[in-house]
Amino acid sequence: MKITMLGNNASGKTCYMLGMYAFMSMGLKGFTLTATDPDQDLRLMDQWEALIGDNILPPPTQPQSQESPIYIYDFSFNYGAKPLIDFEWIDYRGGALADDSSRADATFLRQKSRQSDCLFLCIPAEYLQEEIVNDRGEVNNRAKLKVAGTNKLAVNRINSILTEIQQEIKQSKNDGQPVPIAIVITKFDLIYGKRSKEAITRDIQELFNPLFIENSGWLTMICPVSLGKDIRIEDNKIIGEIDPVNVHLPLVFAIYSQLRKDVITVKDSYDNIQERKNRVENDIKTQQSKWNSFFKQKEIAGKVSSLRNQETELAKKEKEIQDITQKMQLVAKELDKVSMFLGNQEIKASV
Amino acid sequence: MKVVMLGNSGVGKTTYMASLYGIMQQKIDGFSLKANDTADGNRLLELANHISSGRYPDATSNRNEYNFYLQYQEKEIFSFSWSDYRGSAIRSMSDDKQSEILVNELKKADGIMMFCDCDALMAKNKLKAMNEIRRITYLFTEAVKNIEHPISLAIVLTKIDKLVQFQEDIFNPFEGLISVINASEYILGSFIPVACSHQFINVPLPLLFALRFSVVYQVNLAEYMLNYHYNRYEEFKKNSQGIMGNIKWFVDSWNGDTTDAKNAELELAKAVQQYQIFEHIKEPVLALNKYLENLPIIEENLTFKDYASICEKTKIKYNLPNFIAQNKQKQDTFGWF
């Protein structure tokens, strides 16, 4: 599984990732997030400690190499210390989103976004302070332009990437389902108590309209996150007490979505095998009922053997479905109070 | 069996090991400890002497591996290895040899002792303690993620003699780890408060707890194997009897195959062997379970307040045996020359 974070400069992408990692690697409700490389864990923690101990903001994300102009982290998401799923987390230089797409890293980012299994859109809460859509559904275009019309939030660039993804899906011969999107409202402490959940949801739906169109097929989650109350940046340093809130939920959503996709794939495969098995069963019955069946014993035996193999395959698939369902049950509990949408419909996580 | 200690520099790992060795030169509920190598034993006893007079060992600079026997009523019951690491190894990159070995040993461990300094846990700014616990939690969870057998995790709260009273917030940094332990089907965890200074509190508990699951596993395995071989013995014996048994005996003998009577004999020998193992460790295992029955085991329904209260009550004091104290006096006298 691949997760890519989209967000412009200073959208809090790296801070969010560090907070989420620090918080989840300690364990949360039985879940842990661990870097598969122990050295990676140390590097992340050095940055986190610099952030919370010395209030030093992490340096801008640097490309991993010339060939791969982004930074990839390998993580494992576990429950009760047992791995549930392994995934790649793709971080990149925030400027890449606003840059000319001919730049190598920007191009690479767009390509990676299209190949991702889940996208995190990081939206800093400071851009959501002013109401864009009121409770009667009227749009304040001035407020909207202030946010979407500038390059600060890279709304247009993000929407263009989403459109590219959707077009690619339409052209390809896959299941036609767009990738799940987690809209992560970073630095939520800035607007906590000042704006309601409904008001924020309306604004997000207006800004990223393609996601919330009826029957669009996009599975979207809107989740406020914060590294703590009254956190602010002064002279490139973080001021305030670090106490992360909700930082794990976007990841749980990504895992849930992947498991949901996996279970559908395995069920499809189960159905195909079942169909083949039924055909072979019918063939055997037909052949056995024929007058010359005695002379076709070898052929029948071959089919019976194939039937047994398919039964074994079915049992394996059943076990796989059971395992994934169990994992889904674990993560779905966490998504109880989360705002999730399928197109324009609000939905609940189900197993 | 392998026991691994995890903890940062200065948390008291070497102090603990030496104190434990000193104390367990006498029988603690029937259990005692013996080093395979006399030189190792002497070195640990010397350190234990120093600790009791307030002189603590220097920080460990190299990894040391010790091999011990756990004895019960002076009989050798289990052998195990125990490694002492440079504390900073847990925060070193993998190009550091000790760090690499530590990660590998953790994966093979049968019991793990995680050392946390109560002093740091009580500090107003818990950031340092939290970060240290986080890294240890990371190493632990990474090490046990592929295990398919039970493992004991003793969370050793050191330097409790510096605490006036156990407070709930000591356990805050462990919230995540507690949830992982409760969610796991294989990890059994316990908080064990310990002091190794002018007074020795609860010192034998962490090691005995860390060994517990492996020891119980061995007794269960011996019992299972005993039943398995005995059932096979009965089966072969039954097959060898009657007319059919005689015919089969004739056919097997003619073909040069092992006869059922012979197989029954072999299985009975194996069952007897397992019975002897079982009998050898049964009593110590029961004694170990009894000795550890009041430990603050990590459970789903317990709160931080409960852990604080149980830790407060779990304070068993121990002394170094007399012969070590006498030895100490001699050494002190020699020190004058």
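Observations on the structure shown:
- Single unsatisfied condition, residue B:155 versus (1) at pLDDT 95 or above; (2) surrounded by fewer than 23 Cβ atoms within 10 Å (Cβ to Cβ): (2)
- Residues of the range A:1-47 satisfying the condition of being within 12 Å of chain B (Cβ to nearest Cβ) and touching an Asp or Glu at 6+ places or on another chain (Cβ under 6 Å): A:34, A:35, A:36
- Criterion violated by residue B:271 - all others in (1) surrounded by fewer than 19 Cβ atoms within 10 Å (Cβ to Cβ); (2) part of a helix (DSSP H, G or I); (3) touching a Leu at 6+ places or on another chain (Cβ under 9 Å) satisfied: (1)
- Of the residues screened, residue B:206 is one that is buried (at least 20 other Cβ atoms within 10 Å of the Cβ), away from chain A (no Cβ under 14 Å) and either within 21 Å of the chain's Cα centre (by Cα) or not aliphatic (A, V, I, L, M) (or both).
- Leading residue by the ranking (farthest from the other protein chains (Cβ to nearest Cβ)) among those in the range B:68-102 that are over 12 Å from residue B:5 (Cα atoms) and basic (Lys, Arg): B:75
- The condition (being aliphatic (A, V, I, L, M) and within 14 Å of chain A (Cβ to nearest Cβ)) is satisfied by just one residue among B:192, B:170, B:187: B:187.
- Number of positions in the range A:2-42 that are touching a helix residue (DSSP H, G or I) at 6+ places or on another chain (Cβ under 6 Å) and small (Gly, Ala, Ser): 6
- Among residues of the range B:29-69, those that are more than 20 Å from residue B:200 (Cα to Cα) and part of a strand (DSSP E or B), counted: 7
- Cβ-Cβ under 6 Å pairs, at least 6 apart or on other chains, the range A:107-133 side farther than 13 Å from residue A:201 by Cα and in contact (Cβ under 8 Å) with a residue 60 or more places away in the chain, far side of a type in the set (D, E, K, R) and surrounded by 17 or more Cβ atoms within 10 Å (Cβ to Cβ): A:116/A:2; A:117/A:2; A:122/A:13; A:124/A:187
- Within the range B:209-220, considering residues that are aliphatic (A, V, I, L, M) and touching a helix residue (DSSP H, G or I) at 6+ places or on another chain (Cβ under 9 Å), the one farthest from the other protein chains (Cβ to nearest Cβ): B:219
- Single residue of B:141, B:137 found to be buried (at least 16 other Cβ atoms within 10 Å of the Cβ), touching a Leu at 6+ places or on another chain (Cβ under 6 Å) and under 16 Å from residue B:6 (Cβ atoms): B:137
- Scanning the range B:103-131 for residues that are at the interface with another protein chain (Cβ under 10 Å from one of its Cβ atoms) and in contact (Cβ under 8 Å) with a residue 40 or more places away in the chain, we see that the one that is nearest to the chain's Cα centre (by Cα) is B:103.
- Within the range B:197-226, residues that are farther than 15 Å from residue B:292 by Cβ sit with their Cβ atoms under 7 Å from residues that are part of a helix (DSSP H, G or I) and of a type in the set (Ser, Thr, Tyr), at 6+ positions apart or across chains, in these pairs: B:200/B:19; B:226/B:275.
- Unique residue being within 10 Å of chain A (Cβ to nearest Cβ) and touching a residue at least 60 places away in the same chain (Cβ under 8 Å) when the list is B:177, B:139: B:139
- Subset of the range B:152-170 (residues that are basic (Lys, Arg) and part of a loop (DSSP other than H, G, I, E, B)): B:159
The values are calculated or read from the model by the stated rules, or taken from the named source; none is laboratory data. Model, not experiment: these values are computed from the prediction. Every residue, glycine among them, receives a Cβ derived from its backbone with ideal geometry; neighbour counts consider all protein chains shown.
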